[in-house]
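The values are calculated or read from the model by the stated rules, or taken from the named source; none is laboratory data. Everything quoted here is computed from the prediction, not taken from an experiment. Cβ placement follows ideal geometry from the backbone for every residue including glycine, while neighbour counts extend to all protein chains displayed. Please note that ligands, DNA and RNA were not included when accessible areas were found on the heavy atoms of the full protein model with its side chains. Shrake-Rupley method; radii C 1.70, N 1.55, O 1.52, S 1.80 Å.
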Amino acid sequence: MPGGGRCPDCGSTELVEDSHYSQSQLVCSECGCVVTEGVLTTTFSDEGNLREVTYSRSTGENEQVSRSQQRDTAVAYYQQAYRHSGIRAARLQKKEVLVGCCVLITCRQRNWPLTMGTICTLLYADLDVFSGTYMQIVKLLGLDVPSLCLVDLVKTYCSSFKLFQASPSVPAKYVEDKEKMLSRTLQLVELADETWLVTGRHPLPVITAATFLAWQSLQPSDRLTCSLARFCKLANVDLPYPASSRLQELLAVLLRMAEQLAWLQVLKLDKRSVVKHIGDLLQHRHTLVRKAFRDGTAGTDIGEKELQGRGQGQGQGTEAVEGSSLDLPEGKRPASPALLLPPCMLKPPKRICPTPPVSTVTGDENISDSEIEQYLRTPQEVRDFQRAQAARQAATSVPNPP
């Protein structure tokens, strides 16, 4: 197919497209010279001329430039941080993770879905030391570091699972389509975020629990017997310690939502059988969450609304009374929605109350002048107090007889 350019060797304009492996090449039909090599993508101007772009002008080169800029930025942050005396005088363990903290800050600023746990694994570093050093550098340098995008983190983390192709270690019934599993995992993570299960917590345990439920719900007949620990072993990922707790919290939310669907109320679902209906629950997620939960601020208004509804029902006739659940017996009234609050507020941790110090008052303690003045009320009491002070000073100033 003739093109708009010329061959650099023979000057011919007879340039044709030829397929070389998986890349399309532009070749001179006269001398066989490959005019374009390493073709990756096209631009708008070249698409108009049916010309493709070589690697040196493509996004691949820009990616290399971007990585070079990231490296330079991380080195600059390291040099700035090391000028502070608090960093130079720190322990060796903290200095060893300093470079990783600078790399993490640079990646976060460029929206790279990188976690602290990933860098700690690469550096064999302690997570507590790394997180403390990271927060110290951000505060010392006054940097603006955006929060990690949860969607990008889910995509990156789930891509590392070894469940998307059959292997000797993964049975065929456990293999799942990557796109289906990723789509349902994102929906479950969004549900967890809407119900306060992500706020203030490490994201990976929540993502692990959501991925496990998504994987089970796609083929529940074959996968309900698989435990979370075995799932992580098959996927070749580490099992985060709080993932089991996040799993139970997610299942509790799903059970609350299932109570709002009429065709699921008769099935008497539990935390095991509700997994079969996750697809239906996610399809009506927003409506079910509003019905199953109420805001914490709405709890104080319930009593007033009930009283108002009862008064209006008596004044408006029997139609409002029949439609209200207030006239039902107490045991047959529908359950009120649960509070939609963070778990730390629903189940606050127990704190040890310090015992107050025991103070024994005998009545013989000395009373300071400033404390006495607090008890003086009338001018006569003030004059008597001043007269007593003067008499006391006069008595102490008289020398003792020989």
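So which lysines pass the test for Lys276, namely a Cα distance under 25 Å, with those fewer than 8 places away in the same chain ruled out?
Output for Lys276: Lys155, Lys162, Lys173, Lys178, Lys180, Lys233, Lys268, Lys291.
Give, in nm to one decimal, the length gained when the segment between Arg110 and Ala262 is fully stretched (0.36 nm per residue of separation minus the Cα-Cα distance).
50.0 nm
Tell me the label-point distance for the pair Ser359, Ala388, using the 7 Å Cα-to-Cβ offset, in nm and rounded to one decimal.
Distance between the two pseudo-spin positions: 2.2 nm.
Using a 1.4 Å probe over the heavy atoms of the protein chains, calculate the carbon and sulfur portion of the accessible area of the stretch 124-240 as a whole percent.
52
If the cut-off is a Cα-Cα distance under 21 Å, which lysines reach Lys95, setting aside same-chain residues fewer than 8 apart in sequence?
Filter leaves Lys139.
For every other residue with a beta carbon closer than 12 angstrom to the beta carbon of Val274, add +1 if it is Lys or Arg and -1 if Asp or Glu, then tell me the sum. Could the numbers behind the result be given before it?
On the way: positive: Arg256, Lys268, Lys271, Arg272, Lys276; negative: Glu259, Asp270, Asp280.
Here the charged neighbours net out to +2.
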